[in-house]
1. Within a Cβ distance under 11 Å of L19, other residues only, what is the Lys/Arg minus Asp/Glu net charge?
2. Full extension from E72 to A39: what is 0.36 nm times the residue separation minus their Cα-Cα distance, to one decimal in nm?
3. Taking K and R as +1 and D and E as -1, what net charge do the other residues with C-beta under 15 Å from the C-beta of A44 add up to?
4. Can you work out the Karplus-derived ³J(HN,Hα) for every residue in region 53-64? Use 6.51 cos²θ - 1.76 cosθ + 1.60 with θ = phi - 60°, whole Hz, and x for glycine or proline.
Amino acid sequence: MERPDDLLARLLGPSGPELGCDGCFAELDRYVELEVSGADADAAVPGLRAHLEGCPACREEHESLLALVRSEQSS
Ligand SMILES: [Zn+2]
């Protein structure tokens, strides 16, 4: 059962810096590299994590990019 506050927050989108799909795709490379290197990616790219949580298309893109960068690193 979802709390109404969560639902409202989701409908209104994340608070703070607004990041749309365009901005998300533009920053995703950098975000993933920071994430893989263990840096604070969320501090470097504010709003991206929130966008991923609300946007299945970008989340999927993020996951495949993350898998790609990790496999490149381990090889
Ligand atoms: Zn998106």
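Every number in this text was worked out from the coordinates using simple rules, so none of it is lab data. Every value quoted in this text rests on a predicted model; they were computed, and no experiment measured them. FYI the Cβ positions are ideal-geometry reconstructions off the backbone, even for glycines, and counts take in every protein chain you see.
1. -2
2. Stretched fully, the E72-A39 segment lengthens by 10.1 nm.
3. So the environment of A44 carries a net charge of -4.
4. Listing the rounded values in order: 5, x, 10, x, 5, 6, 5, 5, 4, 4, 5, 6 Hz.
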